[in-house]
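Chemist: Sharing a structure, written as structure tokens. Questions coming.
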Amino acid sequence: MVKRLIKNRQLIRTKAYIDGKWIEGSKNKHFSVVNPFDEKEIVKVTDLGKKEAIQAIEAAYWAFPMWGSL
């Protein structure tokens, strides 16, 4: 349903945004995002693991001083 409501399909993202890049999970697994109203699947998104969690934490750590000074 949401897919039909969004005219610009490029707004639907299935990858994770880490350190300025859209990435796929290293295990190539996905999970469903479900509309809580009707419990229908909206989209499948990449499932991240430990490797990607560490990448995200490191990226946030290094970005914090710049964002914290704004």
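Chemist: Name, by its number, the condition in (1) surrounded by 13 or more Cβ atoms within 10 Å (Cβ to Cβ); (2) within 11 Å of the chain's Cα centre (by Cα) that does not hold for Ser26.
Modeler: Only one criterion in (1) surrounded by 13 or more Cβ atoms within 10 Å (Cβ to Cβ); (2) within 11 Å of the chain's Cα centre (by Cα) is unmet by Ser26, namely (2).
Chemist: State whether one or more residues within the range 32-50 are in contact (Cβ under 8 Å) with a residue 12 or more places away in the chain and exposed (fewer than 10 other Cβ atoms within 10 Å of the Cβ). Talk me through it step by step, then tell me what you get.
Modeler: Of all residues in the range 32-50, those in contact (Cβ under 8 Å) with a residue 12 or more places away in the chain come to 32-33, 35, 38, 40, 42-49.
Now drop any that are not exposed (fewer than 10 other Cβ atoms within 10 Å of the Cβ), which leaves 38.
Within the range 32-50, one or more residues are in contact (Cβ under 8 Å) with a residue 12 or more places away in the chain and exposed (fewer than 10 other Cβ atoms within 10 Å of the Cβ).
Chemist: Taking strands (runs of 3 or more DSSP E) that do not extend beyond the range 1-57, which have at least 2 residues that are over 25 Å from Trp67 (Cβ atoms), at pLDDT below 95 and among the hydrophobic types (A, V, I, L, M, F, W, C)?
Modeler: Details: elements: 16-18, 21-23, 29-34, 41-47.
Hits in the range 1-57: 29-34, 41-47.
The values are calculated or read from the model by the stated rules, or taken from the named source; none is laboratory data. Everything numeric in this text was worked out from a predicted model, so none of it was measured. No Cβ is skipped: glycine too gets one built from the backbone with ideal geometry, and neighbour counts run over all protein chains shown.
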